[in-house]
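Some notes on the structure that comes next.
Values quoted throughout were computed directly from the atomic coordinates according to the rules given, and no laboratory measurement underlies them. Being a predicted model, the structure only gives us computed values, none of them experimental. In this analysis, Cβ positions are derived from the backbone assuming ideal geometry, glycine residues included, and neighbour counts consider all displayed protein chains.
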């Protein structure tokens, strides 16, 4: 437990040391909120769907959590290249505890990033349907963060090049985001696109955030939560297996 706590704390300290990283990571969510939220808002309203900013905000929050979480794999590659990970692995603790500590730290940081973006949406004009559900929304953010931090870590265990990791993640992250229903409703879309959206794990995170923040859901919130929990456990297990077999030179 001490190892998990130390690694968890280390990831959080890294995040708060980099003020430019915190500020820089807000640029893309702000662009989506302003450009899409206000740009497509009148069209969305004329179509009889209501306030587009309210619909978009949970999707942008999920996007911020996704991007922050999955790119934590870069830090693992960095640690492999500069020797910190080797020093950690020779300690008399299980690799599962090391992987879990890193993942929980990354998940916490990504959740904090999601909360910051949520506060940003409030400044722009978004208001949650029920303030009592905001805490549950934070839990959903943490589940999304855990899934994608573990996924980023699992992929990073088999790579040694940061540029290669970033290319793979860019190829993976954008489809995950755009096909999740974060920026468009899933109702009435072509059947093929709906099938792809149902396979996308982020879809259930976005849907769960909408259920908690604006009281709208394409699926059932219980189903969303079950799938997020199941995926979290599964990807943590796979990531731990890859991490235990990782070779560090």
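What order do you get for 107, 170, 180 when you list them from fewest to most C-beta neighbours inside 10 Å?
By the 10 Å Cβ count, ascending: 170, 180, 107.
So if we plug the beta-carbon distance of residue 95 and residue 45 into 1/(1 + (r/R0)^6) with R0 = 51 Å, what FRET efficiency do we get, rounded to 0.05? Spell out each step's value before the answer.
Values: r = 52 Å, r/R0 = 1.03.
Approximately 0.45, to the nearest 0.05.
Going by how many other Cβ atoms sit within 10 Å of their own, how do 96, 171 line up, fewest first?
Values: 96 17, 171 9.
The most exposed by this proxy come first: 171, 96.
Using the alpha-carbon centroid of each, what span in Å lies between the range 195-212 and the range 149-191?
14
Compute the Cα gyration tensor for the range 103-208, then decide on rounded, prolate or oblate, letting a ≥ b ≥ c be the square roots of its eigenvalues: rounded whenever a/c is under 1.5, prolate when a/b is larger than b/c in the other cases, and oblate in all that remain.
Oblate is the answer for the range 103-208, as a/c is 1.5 or above yet b/c matches or exceeds a/b.
Using label points projected 7 Å from each Cα along Cα→Cβ, tell me how many nm separate residue 198 and residue 233, to one decimal.
Here the modelled spin labels are 2.3 nm apart.
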